[in-house]
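K.L.:
Here it is, the structure in full.
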Amino acid sequence: MTAARYLGPAKGIAFFAILASLPSFNIAHWVLNIAVFTLMYAVMSSSWNLVGGFAGYPSLGHAAFFGIGAYGTALWFQHHAITSGYEPFELLPLIGILAALLGLPVAMIAMRTRSDVFAIVTITLLFVTQTLAFNLRSLTHGAQGLSIAVAPFSARTYERPFYYVLLLLLALAMGISLGAMRSKLGLSLAAVRADEDKARGIGVRTFGVKLLSFSISVGLTAMVGGIWAYYEGFIYPQFAIDPLVTIAIVLMTFLGGRATLWGPVLGAFILETAQQTLAYSLGGSQFYLIAYAMVFLLVMLLMPRGIVPSIQAGLRRRRRKAAVDAAGSQGNAADTKDRGVRSTLSTVKGSA
Amino acid sequence: MHALIQGIILGVLTAGVYALMASGQTLIFGIMKVVNLAQGAMVILGAYLSYQLFTSFGIDPLLSIPLTTIAMFVLGVAVEVLFLRPLRREDRSELSLLVTFAVALLLEGIMSVTWKTTVRSTNTGYANSSWTVFGYQITLVRLWAFLLSIAALGVLYLLLNRTRFGRAIRATVQNPESARLLGVEASRVSALGFGLGAATAAAAGSVYGLLYPFNSGSHYDLISRLLSIVLLGGLGSIGGAVVGALVVSTSSAIVASAISPSWSEMTFFVILLLVLLIRPQGLFGTTARGAI
């Protein structure tokens, strides 16, 4: 029992220790590049999970906040110089807080609807934001896009600062998820997911917890957008606010397992690396889209509940079986009786 | 004033084709409670099919509609049986969003492999002829498109209101449980209903190809418009889809002619958000089934 209690923290420490030591192995740039993108998606699906998983509100508008973060960073550094190279990272908390505040009125409108209608309303918001990015030319330069000064990091270790900041952000996102799971907030969100009307009836502050989870979630997403803009150096409306980003986040969370701590991270690690590899090997050609869609469909049809919940269910089943076996070896009479029933069942099945 | 009326004429004429697409989508939602994100891709596939029939065999898109609708009906039934039926009931509404999006990506991939990503359009002989009525320009092709869409909507109406199959569909939309108790086989209605939605997408696609240039990526624009139309009208209501199409396409045509085409997209999103603020269930929607 005591061993099981330390398993969770041990897993977390080991996970972050391995990831933190990864860049010091002098691995190739393209691998570290994939790792940076994987971490971005891991943070975003972890934070999407707060709304889409715990509260059961499948937002398809998160890419809008990703874009807002990206444009926030890009716009700030149109007017401010980057000297040490770390200023865009120092700006991130501010961007996160502003996006979270912006998320409040959005959630107030959108969260009047539920499930699939909520999904559509949020994806509509995404298209509104994209149109704004295209049309507010004096601010965003429209389709021309914006550029940010290249970070003055040495070429040999260029990816490392981005990598470590993202790792920190992942720890933050997972910490918030863990905190939510262990607190009244998580319980309230689970009640909202199960039956919102009943939850409100018994006194859960459904409106408040929904708003809180949405605004934390989009705040974290916007921070990733800020890092992304700085990493890429160039942003365009169609890539900064991209429905495919939203879909990728959702798919990763579904693959790993909604409303679990490790599910979204696992999903991101599997899918983003797979996607990058597919894009490398089938690069450019449109077969990449077909391959991605096939993977997508297979995941949804074979593992609708996600990897982590499936494994947990499997473990539970094995543990229960082990318990039954242990009980069975103590009383042989029960065992033979059980076997008798089973053989009768099989003969019934055979004759039918 | 002239620009305004011209915008309204244009908007009403274009509304037909959007009403057709949206009625298929709202029908699918009504029957299965599935928001079909592949509807736009199916429309574009329909447009490609009639484009291909026109360029290889010279069959006018207006005549090829029966062929493309039958082909797409079969495709729609296949999609329902292969991808939507296996989903478990309790998480169907969320998962079906993702599954239909994956179908949209799959169709987009197949279309861009088959027809490349260059922009195509179906150029018939009458594409550029137009009439001038009281100083307002009406292009022949838009009028045709409008009449054709109305005709297709009429066929859909008759199918739903005058046939046994239509009665089964309407019963399922109103109350799935009672419909099942009265002997309507839900799985068959779902498959055929999805096929019917795909068939309307095919008909709309043939018309769409006449009106606008398209490529495999065009379905993103379409789906965002379609979603706002069906939400505006109320999910599951075909009459609502027609009204929604009218509102969306006239308002965007007016904004395009009075202000700037680049803001026309924005207009109906704003209208949609305002409507949802006052009536979350849409203009003609019902609050049933926990969607709101």
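K.L.:
Taking into account only those residues within segment A:122-151 that are away from chain B (no Cβ under 14 Å) and of a type in the set (Gly, Ala, Ser), which is surrounded by the most Cβ atoms within 10 Å (Cβ to Cβ)?
P.N.:
Within segment A:122-151, the match that is surrounded by the most Cβ atoms within 10 Å (Cβ to Cβ) is A:ALA151.
K.L.:
Here's something else I'd like to know. Among B:SER228, B:SER187, which is among the hydroxyl-bearing types (Ser, Thr, Tyr), under 19 Å from B:LYS33 (Cα atoms) and more than 14 Å from chain A (Cβ to nearest Cβ)?
P.N.:
Details: B:SER228 fails: more than 14 Å from chain A (Cβ to nearest Cβ).
Unique residue meeting the criteria: B:SER187.
K.L.:
Out of segment B:202-241, which residues are touching a Pro at 6+ places or on another chain (Cβ under 8 Å) and either under 20 Å from B:LEU53 (Cα atoms) or not in a helix (DSSP H, G or I) (or both)? Step through it out loud before you land on a result.
P.N.:
First, pick out the residues of segment B:202-241 that are touching a Pro at 6+ places or on another chain (Cβ under 8 Å): B:206-207, B:209-210, B:220.
Once the filter is applied, which keeps residues that are touching a Pro at 6+ places or on another chain (Cβ under 8 Å) and either under 20 Å from B:LEU53 (Cα atoms) or not in a helix (DSSP H, G or I) (or both), segment B:202-241 yields B:SER206, B:VAL207, B:GLY209, B:LEU210.
K.L.:
Okay, next question. Counting only residues that are β-branched (Val, Ile, Thr) and closer than 28 Å to A:PHE77 by Cβ, which one in segment A:194-239 is nearest to the chain's Cα centre (by Cα)? Don't jump to the end; show me each part of the working.
P.N.:
From segment A:194-239, those β-branched (Val, Ile, Thr) are A:202, A:204, A:206, A:209, A:216, A:218, A:221, A:224, A:227, A:235; that's our starting set.
Pick out the ones that are also closer than 28 Å to A:PHE77 by Cβ and you get A:216, A:218, A:221, A:224, A:227, A:235.
On the way: A:ILE216: 13, A:VAL218: 11, A:THR221: 9, A:VAL224: 11, A:ILE227: 16, A:ILE235: 22 Å.
Residue satisfying both the conditions and the ranking: A:THR221.
K.L.:
Still on this structure, please answer the following. Would you tally the residues in segment A:76-127 being closer than 20 Å to B:VAL248 by Cβ, β-branched (Val, Ile, Thr) and at pLDDT 85 or above?
P.N.:
Step one: list which residues in segment A:76-127 are closer than 20 Å to B:VAL248 by Cβ, which gives A:109-110, A:113, A:116-117, A:119-127.
Retained after the next criterion (residues that are β-branched (Val, Ile, Thr)): A:109, A:113, A:117, A:120-124.
From what's left, at pLDDT 85 or above: A:122.
Number satisfying all stated conditions: 1.
K.L.:
Does A:GLY85 satisfy the criteria of being within 28 Å of the chain's Cα centre (by Cα) and crowded, with 16+ Cβ neighbours inside 10 Å? Explain how you work it out, then say what you get.
P.N.:
On the way: within 28 Å of the chain's Cα centre (by Cα): yes; crowded, with 16+ Cβ neighbours inside 10 Å: no.
Answer is no for this residue.
K.L.:
Considering each residue of segment A:284-312, count those that are in a helix (DSSP H, G or I) and within 14 Å of another protein chain (Cβ to nearest Cβ), and give that number.
P.N.:
Residues that pass the stated criteria total 18.
K.L.:
Can you pull out every residue in segment A:31-89 that is outside any helix (DSSP H, G or I), of a type outside the set (A, V, I, L, M) and farther than 30 Å from A:MET111 by Cα?
P.N.:
A:HIS80, A:THR83, A:SER84, A:GLY85, A:TYR86
K.L.:
Still on this structure, please answer the following. Among what's in segment A:230-283 and is of a type in the set (D, E, K, R) and assigned to a helix (DSSP H, G or I), pick the residue that is farthest from A:MET300 (Cα to Cα). If you could, list the steps in order and put the result at the bottom.
P.N.:
Filtering segment A:230-283 for residues of a type in the set (D, E, K, R) gives A:232, A:242, A:258, A:272.
Those still in the list that are assigned to a helix (DSSP H, G or I) too: A:232, A:272.
Working: A:GLU232: 31, A:GLU272: 16 Å.
Checking each candidate, the answer is A:GLU232.
The rows are residues; the columns are (1) among the polar types (S, T, N, Q); (2) modelled with pLDDT under 80; (3) on the phi < 0 side of the Ramachandran plot.
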| residue | (1), (2), (3) |
| --- | --- |
| B:GLY209 | no, no, yes |
| B:GLY236 | no, yes, no |
| B:GLY240 | no, no, yes |
| B:VAL247 | no, no, yes |
| B:MET266 | no, yes, yes |
| B:PRO280 | no, yes, yes |
| B:ALA291 | no, yes, yes |
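K.L.:
In segment B:86-102, which residue that is modelled with pLDDT of 85 or more and under 17 Å from B:SER190 (Cα atoms) is farthest from the other protein chains (Cβ to nearest Cβ)? Can you show your working first?
P.N.:
Within segment B:86-102, the subset modelled with pLDDT of 85 or more is B:99-102.
Subset that is under 17 Å from B:SER190 (Cα atoms): B:99-100.
Values: B:VAL99: 5, B:THR100: 10 Å.
So the residue we want is B:THR100.
K.L.:
Of the conditions (1) more than 8 Å from chain A (Cβ to nearest Cβ); (2) in contact (Cβ under 8 Å) with a residue 12 or more places away in the chain; (3) touching a helix residue (DSSP H, G or I) at 6+ places or on another chain (Cβ under 8 Å), B:THR118 clears all except one; give me its number.
P.N.:
Result: B:THR118 passes all but (3).
K.L.:
Kindly indicate whether any position in segment A:179-189 is touching a Phe, Trp or Tyr at 6+ places or on another chain (Cβ under 9 Å), in a loop (DSSP other than H, G, I, E, B) and over 30 Å from B:ARG279 (Cβ atoms). Give the steps one after another, and end with the answer.
P.N.:
Of segment A:179-189, the ones touching a Phe, Trp or Tyr at 6+ places or on another chain (Cβ under 9 Å) are A:180-181, A:185-186, A:189.
Remaining after also requiring in a loop (DSSP other than H, G, I, E, B): none.
Looking through segment A:179-189, none of the residues is touching a Phe, Trp or Tyr at 6+ places or on another chain (Cβ under 9 Å), in a loop (DSSP other than H, G, I, E, B) and over 30 Å from B:ARG279 (Cβ atoms).
The values are calculated or read from the model by the stated rules, or taken from the named source; none is laboratory data. Since the structure is predicted, the reported quantities are computational estimates derived from the model, not experimental observations. With ideal geometry, Cβ positions are generated from the backbone for all residues, glycine too; neighbour counts draw on all protein chains shown.
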